[in-house]
Amino acid sequence: MKRRKFDLKSVPAATAKGVDERFQVATPLRALLNKVFPDHWSFLLGEIALFSFIVLLLTGTFLTIFFEPSMKETTYEGSYAPLRGVHMSAAYASSLDLSFDIRGGLIMRQMHHWAALLFMASIVCHMLRVFFTGAFRKPRETNWIIGSLLFWVGFLAGFTGYSLPDDGLSGTGLRIASAIMLSIPVIGSWVTSSIFGGEFPGDIIISRFFIAHVMLIPAALLALIGAHLGLVFKQKHTQWPGPGRTNDNVVGERMFPRYAIKQGGYFMIVFGVIALLGGLFQINPIWLFGPYEAAVVSAASQPDWYVMFLDGSTRLMPGWELHIPIGNGYVIPPIFWPTVVLPGILVGMSLGYPFVEARMNKDKESHNLLQRPRDVPERTALGAMAVSFYVVLTFSGGNDVIADKMRISLNAMTWAGRIGLIIIPPLAYYITHRICLGLQQHDREVLAHGVETGIIRRLPNGRFEEVHQPLGRVDEHGHDGLPYIGWTVPKKMNRLGALGPAIKGFFYPIEKPADSPVSPGHPPVSSGQEREEIGSGHR
Amino acid sequence: MSTTTAHGAGQEPVDLNDPTLKRFDIVLEGARQDGIEIVHYEPQFEPGSKAERRMARTIALFFLLTGLAGTAFLVIYIAWPWGYEFGAGPDKLYTPLLGLTLGVALLGVGFGILTWGKKLLPREVSIQDRHDGPSSDEDQKVVANTMAYMADELGVKRRPLLGISLLAGLAPIGAAAAAPLVGGLISQPHKNNQMFTTAWAPAKQEGGGQKLIRLTREDGTPIRPDDVSTGGQMTVFPGVPGGATNKHADSPTLLIHLRPEDAEKARQANAREKNAGYMYGDYIAYSKICTHAGCPASLFEQQTNRLLCPCHQSQFQITDNARPIFGPASRRLPQLPITVDDEGFFVARSDYTETVGPDFWERP
Amino acid sequence: MTSDTPADRRGGRTRGLLSRLRSGRSGPRSRGRRRLGAAARLLAALTLAGGAYTVFAPGLQAQDTPQLSIAGQEGKLLYDQSCVTCHGRNAQGVQDRGPSLIGVGAASVEFQVSSGRMPMARQEAQAERKPPVFNDEQTRQLAQYVQELGGGPQLPDGRDLKQGADPARGGQLYRVNCSSCHAFGGSGGALSSGKYAPSLRPASDRQIYAAMLTGPQNMPVFGDNQLTPEQKRDIIAYVQETLKGDKDSGGFNLGRYGPVTEGLAIFLVGITALVFASLWIAGKS
C-alpha cells in the first residue's frame, strides 16, 4: 500500500472542492468574479457613503461600550477639571468620560461624528449625480426611492446621535424637536408627550433615542443599504454612452481583479480621510457646551449641516400663526409649515420625481445609458433650482454666524434669505437652462463644422477665416454627417491626435497619450471616431 | 503580451479538458459563459522591465509607510501621556497624533492597493451583455397560472365566509401586536394640566392659604430688588425644590431692571394689555422660554430693550409686552406678575397667565 | 481743540447746536416756521450757554481744579484733547453725539479706552475694538478724571483679577449668564440689526471685569449684588484659563463656531479630498 503523503500544495484545492461539494458555490462565484462594472469617478460617490457607514458601525460599536444612556443625575468627578463638581446627567458624564478618561475615546467619538457628516454629504452628492445623469429612470425607480429613504433615515440617525451626549447643544436640539412635534395639528401634544414620556424633557428620551440610534435606525439603514446594493447588482450599473456602449451591454472591468481592488483601496482611503479628520479637526467639543439646562443656550446653536436646511426654513418663516376660531380656539403655529409640511413636500417630490418625469415624457423604455446633464436641460435646470433652494435654506440655517463673522446685520441676513428663497431658484432654473442649451449648441456646431484648428487662412478675396478640422467624412455641402451620441465631442486638436496630447497632471505630466485600444471585433460606432477610446471615459 | 484579440461571447465554446489550454484561456472561457467579452487586456509594463520594478518598489514603499505609521500609532497609543491636563500639555497632541498616524497608515494601504491594481494589473476592457428584459412569456404564464391555481384551491371566491372571517381575525391580532407598543408609549399630555402650569403656581398651604413662590438664583438664593442693577437682567428660577433643574424646564424666567423711562413705557404697554400691575417698580419678568421653539430667549440688549432668541432669531420688544417684532415667533412672551414679599424678596404673585413655551394645537 | 478760551468754548457749543438744528428732525413743518423755530432755539441756546458759563465759570476755577488729584488733572488734559467733542465740556454729554459720563465711573472709562473703542473713529451702530489710542498710564488718568467728576463703579487694583478663583464655578456662571451672547467658546455672536456681542479672545481680565460691572453698549449690567466680585473673578478665570488657556484636546478647533464650520469642513476637506481620490482611481492610466 502506498503511504499517504501529506501534500501541502493540494490543500487549497482540496478545501475548495470540499466547500463546493457542500455549498455549490463555484457557479455563482464565477458569475460574481466575472461581473463587469463600468468605471467613472462619479460612480464612486455612493461608495463613500457605504464606506463611511462601515466606519460608523465600527466606531459606533466602540462608543456603545462606554456610553451610558441615562438621564439620571450625577456629579461629574472625571478628569476634565473645568466641569468637576457640576451636576449633570449620566449620559453627559459618560460622554465626557469617553472624551477624557478612556484612552483613544476622543478620536473614536470624533471619527464617528465626522463619518456621520461624511455619510450624509456623500449621500447628497451621490443623489445629485444620479439625478443629473438620469440614472433614476426605469428600471431603477425603486432604487431611487430606496436612496431617498436612505437620506431621511440617515437624517434621523444623525439627529438621534446628536441628541445623545445630552450637552447644551443636544438639549437645545431636542427642545426644538419637541416644539416641532407639538406644532402638529390635533395630535401634537399627544405625540410629544408620548415620545418624551410626559412634559419636556422628561427623564426617558435619551434611553429611547439611544435604542433608536444603535438598533432600530441602523437596522433600517442596513436593510435599505442591502436592498440598494442588491438592486444595483441585479440591475447592473448604468454607464455613460460612448463607442461600443449600448443600452444592452456593460463596458468596464470585471469584478476580479481590478474592480474589487479599486473598491478595497478606496475603502481604505475613505477610512483614512475620516481618521485624519477625526484626529486633526475637533468636532462638537461637548465639554465647552456644558450639560443641558433649560435656561442655558449658547449663541450659534446650530444643528449638524444636513439638518441646517430645516433650521434655515424655520428662521426664514415669518411669524404667521393660523388661528381657528372654534370653541376655545385652536392654533397652527408658524413652526409647523417649515418643519413638518416642507419636509413632507420634499420627500413626496423626491420619491415621485422618476414617475412624474416618465409620465411627462411618455417614456416607458428601460434606460441603462446615462444622459449628459446638458442634453436634458429641463431636468438639469429643475435640479439646479432644487439645489439652490436647498443651499439658500442651509446658509440661512447658519445666518447668525455669517452675520457675525462677516459683520452683516442679522435682520438683513434673514431678509436676504427670504427674498433669496423666492428669487434665486427661478433664476438658477433660467441660467442653467440657457447654459445647457449653449453647450448643446456648441457640441452640434463642432460635429457639423469640425474643430477649430487655430490656423487662420486668408482667402483670395482678402477675407480671413479659421480652418476647421471636420470630425468625419465631409459631404458635398461641406458638412459632415456625424450624429451626436450623447458623449463628449472632441473640441481640441490634440483630442483628435492631430496635435500633441494635452499634458495631464497636477504638477508634472502623469501619463503618456493613450493609444487607441479598439478591438478589431468591435468596430467603433462610426469611422470618424476611430481615435476615441473605449474606456471609463471621464473627461 | 498584448492580448487584444476578441474572446468570449461571440466565440465557440472551448473544450476545458484540452490539456494545451493556458490558464488565461480557461478564464476567458469562464467569462464567455457569463456573457462577457474581454476586448482589451494588456499589461502596462513589460514583465521584469525596469519600469515595472520601479512601480513595485513604489507600492512596497506605500505598504512600508503603513507599517511605520501603524507602529507609530501603537507606540503613541500606549506610551504617549494622554491623561487630561489643564493647559497646553502634551496630552493635547494625543488625539491629533493618533489621527495622523492612523490616517497615514490607512491611506498607505489604500494607495498601495490602488496603485497595485491600477498599474501592475493589465488594463482591461470587458463587455458584458445585460440580459435584462422581462422574464420569458412561458415563465410569466406558468407563474400567473400557479398563483391563480392556488387561489382556486383555497377557494377564496367560492367560500367568502372564510375570507371575511380571516380578515376579521387578522385585524384584531394585528392591532393587538401594535397595542403594547402604542399603549405603553402613550402619555396623556394634559395630566395635572401640566402644559398650562409651571412651578410658579402658588403652593397651597395647610389651612387654606397660598404661599407665593420666590424668585431665586440657580443656587436657590432669593433675590432682592437691588440685586439687579439698572440695565441688568437675571435668569431666575422658581423657589421650589429642584426649581432650577430640568424638571421645571418651562419655568426659567428673565428678570429685567429697566431704566425709569423704559419702565414707564413698559408699564403703559402692560396696562393696554390688561397686564397692569405685573411689574414691580422698574422690574419686569418674562418667561425665558421662547414661544416659537422653546429655546431660552436670553440675548437681552439693554439699550434697545430687545430680547433675541439665538435659535431662530425671533426678537421681542420688552417695553411693549415682549411683542415679537422680528423673526418667526408669533406670540409674545408670557409675563410673570411679580412683587416683593414682607422680607423684601421678589415673589411671583401668581403663575403665568398665558401658556409658556412653544405653541400647540389646543392652546386657547 | 486745545485752546481753552471761553469764546472758543461757547463757539464749540454753538456749532454743535447749529449742526444739530440743520440736520434736525423737523419733518413736515413749513420752512418759514422751521427757520423761525430754529432761530428762537439758537437764541435760547446761546443765552443759556452764555448764562451757564457766567454762572459756572468762576465756580469751575474755584471748586473743580483744586479738587482734582494730579492724575485727575492729567486725565482732564487728555479728556480735553480727545473726548470733549462728543462728551462735552464737563462730561455732561452732547446730544446725538455722546452720552454723559457723570457717574459712569472709572471702570467704564477703562473698558472703553483700553479696548480702543473710545475715542470712536466715527458714529456707528456699535463701537468696535481697535488698537487703543492711550497707553495704560493715560487710560488710568482719564479714568481717574471721570471718577472724580461724578463717581461710579470702579475696578479692583491689579492686572490679574483671577487669582485664587474657581474656573469650574465660573464655567457654570458663564453658561447661564454669558454664553447666550458670547457663545460657548467665547467667539462672540450676532445681536439684532447689525449689533453683536464681541469675541472675548482679545479681552483682558480688567476689561471683562469692567464690562460685567458697567454693561457697555447693549450688554446688560451685572452689578456686584448680582454677580459678587468673587463670582466675577470666577468667570474671568473660566474665560481666560479654560476658554483661552486650555488648548483643544481634539485637534484644530475650526474657530469654535459650532456646526456651521464643521459642515463647511466636511465638504471643503472631506468630500473634496475623496472626489480627487476618485478622479485618480477611475482615471485611465
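The values are calculated or read from the model by the stated rules, or taken from the named source; none is laboratory data. All figures in this text were calculated on a predicted structure; none of them were measured in a lab. Cβ placement follows ideal geometry from the backbone for every residue including glycine, while neighbour counts extend to all protein chains displayed.
Miscellaneous remarks
- Taking the criterion of being more than 14 Å from chain A (Cβ to nearest Cβ), in a loop (DSSP other than H, G, I, E, B) and among the polar types (S, T, N, Q), the only residue of segment C:190-215 that qualifies is C:S204.
- Entry remark, segment A:403-423: residues being surrounded by fewer than 19 Cβ atoms within 10 Å (Cβ to Cβ) and within 30 Å of the chain's Cα centre (by Cα) number 7 in total.
- Candidate set from segment B:222-257 (those that are of a type in the set (A, V, I, L, M, F, W, C) and more than 15 Å from B:I284 (Cβ to Cβ)); member that is nearest to the other protein chains (Cβ to nearest Cβ): B:A249
- Candidate set from segment A:301-338 (those that are of a type in the set (D, E, K, R) and in contact with a Ser or Thr (Cβ under 9 Å, 6 or more places away or on another chain)); member that is nearest to B:E362 (Cα to Cα): A:E321
- When residues of segment C:216-248 are limited to those that are touching a Phe, Trp or Tyr at 6+ places or on another chain (Cβ under 7 Å) and in a loop (DSSP other than H, G, I, E, B), the one farthest from C:G158 (Cα to Cα): C:P220
- Note on segment A:319-368: residues that are touching a residue at least 12 places away in the same chain (Cβ under 8 Å), more than 27 Å from A:M308 (Cβ to Cβ) and surrounded by fewer than 17 Cβ atoms within 10 Å (Cβ to Cβ) amount to 5.
- Residues of segment B:285-314 that are assigned to a loop (DSSP other than H, G, I, E, B), among the polar types (S, T, N, Q) and either buried (at least 23 other Cβ atoms within 10 Å of the Cβ) or more than 8 Å from chain C (Cβ to nearest Cβ) (or both): B:T291, B:S298, B:Q302, B:N305, B:Q313, B:S314.
- Out of B:D282, B:D219, sole residue that is more than 15 Å from C:N225 (Cα to Cα), touching a residue at least 12 places away in the same chain (Cβ under 8 Å) and either surrounded by fewer than 21 Cβ atoms within 10 Å (Cβ to Cβ) or within 11 Å of chain C (Cβ to nearest Cβ) (or both): B:D282
- Residue count for segment C:150-196, restricted to those that are hydrophobic (A, V, I, L, M, F, W, C) and crowded, with 24+ Cβ neighbours inside 10 Å: 6
- Scan of segment A:60-93 for residues that are buried (at least 24 other Cβ atoms within 10 Å of the Cβ) and of a type in the set (S, T, Y), ordered by number: A:S89, A:Y92
- Residue match in segment B:252-274 (condition: of a type in the set (K, R) and either touching a Ser or Thr at 6+ places or on another chain (Cβ under 7 Å) or touching a residue at least 60 places away in the same chain (Cβ under 8 Å) (or both)): yes
- Evaluation of B:K119 against the conditions (1) assigned to a helix (DSSP H, G or I); (2) surrounded by 13 or more Cβ atoms within 10 Å (Cβ to Cβ); (3) modelled with pLDDT of 90 or more shows that the sole unmet condition is (3).
- Scanning segment C:258-285 for residues that are part of a loop (DSSP other than H, G, I, E, B) and over 15 Å from A:L117 (Cβ atoms), we see that the one that is farthest from the other protein chains (Cβ to nearest Cβ) is C:G283.
- Selected residue [at negative phi and in contact with a helix residue (DSSP H, G or I) (Cβ under 9 Å, 6 or more places away or on another chain)] from B:K265, B:K247, B:K288: B:K265
- B:D34 meets each of the listed conditions (1) more than 10 Å from every other protein chain (Cβ to nearest Cβ); (2) touching a residue at least 24 places away in the same chain (Cβ under 8 Å); (3) acidic (D, E) apart from (1).
- Residue match in segment B:79-88 (condition: closer than 30 Å to A:N34 by Cα, of a type in the set (D, E, K, R) and free of Cβ contacts under 8 Å to residues at least 60 places away in the same chain): no
- Of all the numbered requirements in (1) within 13 Å of chain C (Cβ to nearest Cβ); (2) in contact with a Phe, Trp or Tyr (Cβ under 9 Å, 6 or more places away or on another chain), A:N399 misses one, and that requirement is (2).
- Screening A:A275 against (1) surrounded by fewer than 21 Cβ atoms within 10 Å (Cβ to Cβ); (2) facing chain B (nearest Cβ under 9 Å); (3) within 21 Å of the chain's Cα centre (by Cα) leaves a single unmet condition, (1).
Let's see how each residue does on (1) of a type in the set (D, E); (2) at pLDDT 90 or above; (3) assigned to a strand (DSSP E or B):
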| site | (1), (2), (3) |
| --- | --- |
| B:L254 | no, yes, yes |
| B:E261 | yes, yes, no |
| B:E264 | yes, yes, no |
| B:F316 | no, yes, yes |
| B:T319 | no, yes, no |
| B:A329 | no, yes, no |
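- Selection count, segment C:101-127, where residues are free of Cβ contacts under 8 Å to residues at least 24 places away in the same chain and closer than 23 Å to C:V221 by Cβ: 2
- Subset of segment B:179-191 [more than 10 Å from every other protein chain (Cβ to nearest Cβ) and surrounded by 10 or more Cβ atoms within 10 Å (Cβ to Cβ)]: B:A179
- Criterion: within 35 Å of the chain's Cα centre (by Cα) and surrounded by 11 or more Cβ atoms within 10 Å (Cβ to Cβ) - qualifying residue of B:V75, B:V156, B:V104: B:V104
- Of everything in segment A:175-212 that is of a type in the set (G, A, S) and touching a Gly at 6+ places or on another chain (Cβ under 8 Å), the residue that is nearest to the other protein chains (Cβ to nearest Cβ) is A:A179.
- In the set (1) at the interface with another protein chain (Cβ under 10 Å from one of its Cβ atoms); (2) hydrophobic (A, V, I, L, M, F, W, C); (3) surrounded by fewer than 19 Cβ atoms within 10 Å (Cβ to Cβ), the condition left unmet by A:I54 is number (1).
- Of the residues making up segment C:136-177, those that are more than 14 Å from chain A (Cβ to nearest Cβ), among the small types (G, A, S) and part of a loop (DSSP other than H, G, I, E, B) are C:G151, C:G152, C:G158, C:G164.
- Helices (runs of 4 or more DSSP H) completely within segment A:130-238 that count 1 or more residues being of a type in the set (S, T, N, Q) and within 28 Å of A:V250 (Cβ to Cβ): A:141-163, A:217-235
- Candidates A:G278, A:G252: the one that is touching a residue at least 12 places away in the same chain (Cβ under 8 Å) and either within 30 Å of A:G105 (Cα to Cα) or among the hydroxyl-bearing types (S, T, Y) (or both) is A:G278.
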